[in-house]
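J.: Have a look at this one.
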């Protein structure tokens with residue numbers, strides 16, 4: 001009996017020793033990725049050989065040998081075959097439904113002359129019923145290869161447009177969205193006529209301009225807030241068209257490796273649509289939405305109920321967007337000194353600065369980030385001033401506000417260090433330099449360009465991160481173009497040699513962070529995305545080339561090979 005007991009306890013002891021010495025069973029991964037450079041944007045390990053995910057979270061990032069332990073028969077395996085992977089890219093400032101509608105309406109972003117616009121409208125007229133509105137967006141007169149002979153303040157006039165569309169009202173938004181071009185039929189519907197002899201313009205709009213020639217005739221150009229004179233007559237989109245535009249926008253994001261999107265200014269209609277799309281399981285993009293500051297009643301409603309931080313990380317609303325000036329292209333950006341190519345004109349204050357202060361105080365009080373559009377140096381200065389007043393008045397609530405200035409394109413040198421000093425994040429779209437810098441010097445002159453325009457490295461060195469993006473549909477969504485602009489400061493044609501003001505270039509590491517971890521930080525989401533770190537969301541972008549090593553002259557040839565969202569492959573390039 002004693003022998004049997006001794007044998008039993010010996011066997012038990014051996015079993016315990018064997019169990020304690022063997023490795024615990026690893027969790028099974030649903031996805032294993034390896035076979036190419038993987039840049040994590042994680043300071044603890046900048047690169048890894050393999051990544052394992054479970055459902056929609058990152059389970060492991062490290063060596064391939066260790067990653068294999070998470071693999072079983074059900075694990076999907078992706079061999080990169082030399083391609084490169086990063087965290088999923090985040091569009092740091094864009095207009096989501098504008099992206100979708102740009103694919104439904106006339107897309108004029110690649111037009112290079114007034115004649116091309118006329119041809120596009122003429123083709124649309126042939127398909128339209130008489131009286132049907134024709135709308136589009138994307139033209140930019142400063143990018144045309146030649147200008148028509150009859151211009152007013154550097155813009156074309158409507159007469160030729162009206163000739164090709166006599167029975168259809170036409171409204172074509174400028175690429176910037178800060179001006180628009182209407183034909184005679186559209187202006188007739190709006191009642192906009194020649195200036196009366198007494199010189200009193202009943203269509204004078206504060207914060208905007210109905211552009212007229214020397215005889216008081218409207219030229220068809222409506223700047224900034226004057227656009228509403230025309231746009232209020234354009235029929236609202238149908239729910240079916242909204243859904244189609246939404247689906248097109250999601251697909252465009254996936255094609256471009258975008259898994260997160262900072263939607264810069266939405267109203268009730270878009271909020272309702274996003275809720276509907278999420279309920280229908282169509283929200284396959286992470287939207288960080290900013291409430292439009294144009295609807296004060298909407299803001300007051302949200303102040304009362306507080307921010308909405310989505311536990312599923314699909315639609316979060318915790319910020320407010322204020323549109324405080326215009327754009328350089330339309331000479332609407334608000335400047336401290338007048339435009340070099342339009343003396344006496346300083347741009348437009350499109351929102352009272354008192355409202356910026358009021359919104360900043362409300363944002364701190366109720367837990368909302370404030371994101372203010374500012375392109376001109378005066379707009380940036382005035383907004384920083386209002387933010388600072390609010391931070392001082394409610395100092396106990398301003399410890400981690402992460403207020404932003406959207407664009408921050410042209411700064412007075414004295415205001416550059418104020419961003420870091422106040423903790424205000426600049427959300428800057430690098431591709432704007434590629435598109436705008438060749439003609440922006442005409443607007444600002446050499447000194448203002450060199451001392452204060454597109455000051456990326458100066459801001460980064462001051463200790464504040466930059467959120468990157470494209471401002472789509474102002475620019476195409478393509479992140480490769482914006483990353484190229486970030487590191488080269490050249491046009492997309494590769495000029496000039498060495499880049500514009502090359503001392504302000506980002507490094508490749510800084511550029512990637514601006515599209516990933518720093519963009520996540522700009523939305524209070526750095527703990528859930530922006531780097532390939534265990535526990536974060538399984539969103540990845542895969543490229544045909546290595547962004548960190550490919551020669552600069554080959555950088556723009558990089559293509560998005562695959563997009564992984566929420567742990568699932570949502571796009572593969574054929």
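The values are calculated or read from the model by the stated rules, or taken from the named source; none is laboratory data. Values in this document were obtained by computation on a predicted structure and should not be read as measured data. Here Cβ is always computed from backbone atoms with ideal geometry, including for glycine, and neighbour counts include all displayed protein chains.
J.: With 509, 525, 559, 552 as the choices, which residue is modelled with pLDDT of 95 or more and in contact with a helix residue (DSSP H, G or I) (Cβ under 7 Å, 6 or more places away or on another chain)?
T.: Just one listed residue meets the conditions, 552.
J.: On to the next question. Take the residues of the range 424-436 that are outside any helix (DSSP H, G or I) and in contact with a helix residue (DSSP H, G or I) (Cβ under 8 Å, 6 or more places away or on another chain): which is surrounded by the fewest Cβ atoms within 10 Å (Cβ to Cβ)? Write out each step before concluding.
T.: So in the range 424-436, the residues outside any helix (DSSP H, G or I) come out as 424-430.
From the residues that got through so far, the ones that are in contact with a helix residue (DSSP H, G or I) (Cβ under 8 Å, 6 or more places away or on another chain) too are 424-426, 428-430.
On the way: 424: 23, 425: 28, 426: 25, 428: 26, 429: 29, 430: 28.
Going through the qualifying residues, I end up with 424.
J.: Something else about it: Looking at the range 60-83, which of its residues are surrounded by fewer than 16 Cβ atoms within 10 Å (Cβ to Cβ), in a loop (DSSP other than H, G, I, E, B) and touching a strand residue (DSSP E or B) at 6+ places or on another chain (Cβ under 8 Å)?
T.: 63, 81, 82
J.: So, in the range 309-333, exactly how many residues are assigned to a loop (DSSP other than H, G, I, E, B) and touching a strand residue (DSSP E or B) at 6+ places or on another chain (Cβ under 8 Å)?
T.: Selection size over the range 309-333: 14.
J.: So, in the range 351-373, exactly how many residues are closer than 13 Å to residue 293 by Cβ and buried (at least 21 other Cβ atoms within 10 Å of the Cβ)?
T.: 11
J.: May I ask you to say which residue of 246, 215 is out of contact with any strand residue (DSSP E or B) (no Cβ under 8 Å at 6 or more places or on another chain), touching a residue at least 60 places away in the same chain (Cβ under 8 Å) and at negative phi?
T.: Residue meeting the stated conditions: 246.
J.: Here is a follow-up. Which of the residues spanning the range 137-176 are at positive phi and buried (at least 21 other Cβ atoms within 10 Å of the Cβ)?
T.: Selection gives 138 alone.
J.: Still on this structure, please answer the following. If I ask for residues that are touching a helix residue (DSSP H, G or I) at 6+ places or on another chain (Cβ under 9 Å) and over 22 Å from residue 337 (Cβ atoms), which ones from the range 397-415 would you list?
T.: Residues satisfying the conditions are 397, 398, 401, 402, 403.
J.: Does residue 38 meet the test of being assigned by TED's automatic domain parsing to the domain that holds residue 560, in contact with a strand residue (DSSP E or B) (Cβ under 6 Å, 6 or more places away or on another chain) and modelled with pLDDT of 95 or more?
T.: Here the answer is yes, as residue 38 does meet what is asked.
J.: Please work out if residue 180 is at pLDDT 90 or above and surrounded by 21 or more Cβ atoms within 10 Å (Cβ to Cβ).
T.: Here the answer is yes, as residue 180 does meet what is asked.
J.: Which one is nearest to the chain's Cα centre (by Cα), of the residues in the range 37-53 that are in a strand (DSSP E or B) and free of Cβ contacts under 8 Å to residues at least 60 places away in the same chain?
T.: Checking each candidate, the answer is 47.
J.: Within the range 108-123, restricting attention to residues that are surrounded by fewer than 21 Cβ atoms within 10 Å (Cβ to Cβ) and without any contact (Cβ under 8 Å) to a residue 40 or more places away in the chain, which residue is nearest to residue 525 (Cα to Cα)?
T.: Per the stated criteria, the residue is 110.
J.: Further question: Consider residue 289 against the criteria (1) in a loop (DSSP other than H, G, I, E, B); (2) more than 30 Å from residue 210 (Cβ to Cβ): it satisfies all of them except one. Which criterion is unmet?
T.: All conditions pass for residue 289, except number (1).
J.: Test residue 425 against the criterion of being touching a strand residue (DSSP E or B) at 6+ places or on another chain (Cβ under 9 Å), in contact (Cβ under 8 Å) with a residue 60 or more places away in the chain and closer than 18 Å to residue 93 by Cβ, and give yes or no.
T.: On the way: touching a strand residue (DSSP E or B) at 6+ places or on another chain (Cβ under 9 Å): yes; in contact (Cβ under 8 Å) with a residue 60 or more places away in the chain: yes; closer than 18 Å to residue 93 by Cβ: yes.
For residue 425, the condition - touching a strand residue (DSSP E or B) at 6+ places or on another chain (Cβ under 9 Å), in contact (Cβ under 8 Å) with a residue 60 or more places away in the chain and closer than 18 Å to residue 93 by Cβ - is met.
J.: Here is a further query. In the set 129, 163, which member is more than 30 Å from the chain's Cα centre (by Cα) and at pLDDT 95 or above?
T.: 163
J.: Search the range 279-305 for residues that are over 23 Å from residue 469 (Cα atoms) and pair each with any residue that is part of a loop (DSSP other than H, G, I, E, B) when their beta-carbon atoms are under 6 Å apart and the residues are at least 6 apart or on different chains.
T.: 295/267
J.: Now, a different point. Could you say whether any residue in the range 84-96 is without any contact (Cβ under 8 Å) to a residue 12 or more places away in the chain, farther than 18 Å from residue 230 by Cβ and surrounded by 13 or more Cβ atoms within 10 Å (Cβ to Cβ)?
T.: No, there is no match, as no residue in the range 84-96 is without any contact (Cβ under 8 Å) to a residue 12 or more places away in the chain, farther than 18 Å from residue 230 by Cβ and surrounded by 13 or more Cβ atoms within 10 Å (Cβ to Cβ).
J.: Now for a different question. Tell me whether the range 316-339 contains one or more residues that are surrounded by fewer than 17 Cβ atoms within 10 Å (Cβ to Cβ), touching a residue at least 24 places away in the same chain (Cβ under 8 Å) and more than 30 Å from residue 437 (Cβ to Cβ).
T.: no
J.: Does residue 497 satisfy the condition of being closer than 14 Å to residue 260 by Cβ and either without any contact (Cβ under 8 Å) to a residue 24 or more places away in the chain or assigned by TED's automatic domain parsing to the domain that holds residue 407 (or both)? Step through it out loud before you land on a result.
T.: Working: closer than 14 Å to residue 260 by Cβ: no; either without any contact (Cβ under 8 Å) to a residue 24 or more places away in the chain or assigned by TED's automatic domain parsing to the domain that holds residue 407 (or both): yes.
Spelling it out, it is not the case that residue 497 is closer than 14 Å to residue 260 by Cβ and either without any contact (Cβ under 8 Å) to a residue 24 or more places away in the chain or assigned by TED's automatic domain parsing to the domain that holds residue 407 (or both).
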